[in-house]
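**Q** Please read through the structure below; I'll follow up with questions.
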Amino acid sequence: KAYDSDPFHPLKNPNGVIQMGLAENQLCLDLIEDWIKRNPKASICSNEGIKSFRAIANFQDYHGLPEFRRAIAKFMEKTRGGRVRFDPERVVMAGGATGANETIIFCLADPGDAFLVPSPYYPAFNRDLRWRTGVQLLPIHCESSNNFKITSKAVKEAYENAQKSNIKVRGLILTNPSNPLGTTLDKYTLKSLLSFTNQHNIHLVCDEIYAATVFDTPQFVSIAEVLDEKEMTYCNKDLVHIVYSLSKDMGLPGFRIGIVYSFNDDVVNCARKMSSFGLVSTQTQYFLAAMLSDEKFVDNFLTESAIRLAKRHKHFTNGLEEVGIKCLKNNAGLFCWMDLRPLLRESTFDSEMSLWRVIINDVKLNVSPGSSFECQEPGWFRVCFANMDDGTVDIALARIRRFVRVEKSGDESSAMEKKQQWKKNNLRLSFSKRMYDESVLSPLSSPIPPSPLVR
């Protein structure tokens, strides 16, 4: 709300709020624009593509265009380094990752059932996975002492606590690469978690929507790749499912491309029937089938995207380090997990909320507090760096650095004096107005009001 009521505009509102809470990838949209100019036939709304208009406008098969499913499967293979194969017949469409996540939960669980989720985790899971399905999410608490890595002990403890409370655990949900951490799970950890879920006969759902945002080592490892390992042949593949999307990897959230990919035939059949409630338009399928089938374009896009993300990440984190702000070491994602614990008055979530209010109201930066991600340690914030141009990043960094220097100036200045000093030195930034932010969140509540249908 703070951003919506006070968005920055270079002329109309130069002191508005900078949007750093939206995990959006705008770094390679120029490559897509160039491809569109070179391939006008990909659009049925162009003179060159009008011949296909009637066929595409009348197509209604909820399986989706065959060429679209083939192109998606091939793209998923490329984003995983070509080390695994995907069957187009298992590709099920949904309305974005939101629709895909809800669909898979509907297929696997009944109201009242629960899924284990390592925390910190994406805040809107509380909406996407729970509202209409009626399931519960049980956090697996991860700690900064080991860089928020998932441990077997923590998973076992969360599962056993649910058993003691007579809660039926249906599965484990992993976000790999992680949102908000920007880290990837190694093969050993994935094997361990796969073994755990198989041992307890529960499902493993892997949200891999950030697969192609990896910009540094180690490389991304998909759960599909782990399933292909010889020593994992004993695992029941019917318990493994993948959620994918083009929102983050290609920067196309508005296209609402969500994918459910399951190794379970019954889940594929069920999800496909349900997909009629959230289909991707055939016009969108037709366009993307053409673009994703252009292997030269895809290879260049993925390579250039990793280069640009790495450059932006390095520039941003180096800028933070100039004033002593550290971030969790990460190799993926469109954001950093920023450690502002040294700026807290005390190590409490009330103090985190106070700091968050100062940052968004006085510093005019919209960042997301860790408590909104179910983080158990106050002082961590997610800050997005891929939804703006280079100039905007520099001005955002300047605002952050000036704020930290004022905060560290000591007790000789009162809170009011510091506020006036900050406002006096406030900087402008260039940023296009956005009407919706996925995580302009209050630290004290769910990102979305409780659903009237799920009590």
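**Q** Would you order SER409, SER43 from fewest to most other beta-carbon atoms within 10 Å of each residue's own beta-carbon?
**A** Ascending Cβ contact count within 10 Å gives the list SER409, SER43.
**Q** I'd like to compare 65-73, 368-376: which one has the highest average count of other Cβ atoms within 10 Å, and what's the full order after that?
**A** 368-376, 65-73
**Q** Just checking my list [x] 67, 63, 44; [y] 70, 56, 41; [z] 82, 56, 45 against Cα extents along the principal axes in Å computed from this structure; which label fits?
**A** [x]
**Q** Still on this structure: Going by C-beta contacts inside 10 Å, put MET20, MET93, MET232 in order with the fewest on the left.
**A** MET232, MET93, MET20
**Q** Ranked highest first by average number of other Cβ atoms within 10 Å, how do 356-365, 132-141, 379-388, 80-89 line up?
**A** Ranked by mean Cβ neighbours within 10 Å, highest first: 379-388, 356-365, 132-141, 80-89.
**Q** Where nothing but the Cβ of Lys and Arg (+1) and of Asp and Glu (-1) is charged, how large is the charge dipole of the chain around its Cα centre, in debye to the nearest 20?
**A** 660
**Q** Name the residue farthest towards the positive end of the dipole of the range 40-294 from the options ILE242, MET274, SER43, assuming +1 on Cβ of Lys and Arg, -1 on Cβ of Asp and Glu, about the Cα centre.
**A** Working it through, the farthest residue towards the positive pole turns out to be SER43.
**Q** Counting other C-beta atoms within 10 Å, and keeping those with at most 15, which DSSP coil GluC sites (Glu not before Pro) do you find in the range 260-356?
**A** Here the GluC sites (Glu not before Pro) that fit, given the DSSP loop and packing criteria, are GLU322, GLU346.
**Q** Using Cα pairs closer than 8 Å and at least 6 residues apart in sequence, work out the relative contact order for the chain, in percent.
**A** Computed value for the chain: 26 percent relative contact order.
**Q** Per DSSP H run of n ≥ 4, the term is -39500 (n - 2.57); total these for the chain, divide by its residue number, and report the mean residue ellipticity at 222 nm rounded to 500 deg cm²/dmol.
**A** -11500 deg cm²/dmol
**Q** From Cα pairs below 8 angstrom and at least 6 apart in sequence, can you work out the relative contact order of the range 40-294, rounded to a whole percent?
**A** Here the relative contact order equals 28 percent.
**Q** Still on this structure, please answer the following. Take the alpha-carbon centre of the range 1-32, take the same for the range 209-260, and report the distance between them in whole Å.
**A** Between the Cα centre of the range 1-32 and that of the range 209-260, the gap is 29 Å.
**Q** Can you tell me which lysines have their Cα less than 28 Å from the Cα of LYS153? Leave out same-chain residues fewer than eight positions away.
**A** Excluding near neighbours in sequence, the set is LYS164, LYS168, LYS187, LYS191, LYS230, LYS237, LYS326, LYS329.
Taken together, the values in this text are just the output of simple stated rules run on the coordinates, not laboratory data. Just so it is clear, the structure is predicted and the values come from calculations on it, not from any experiment. Here the Cβ is made from the backbone with ideal geometry for all residues, glycine too, and neighbour counts use every protein chain on show.
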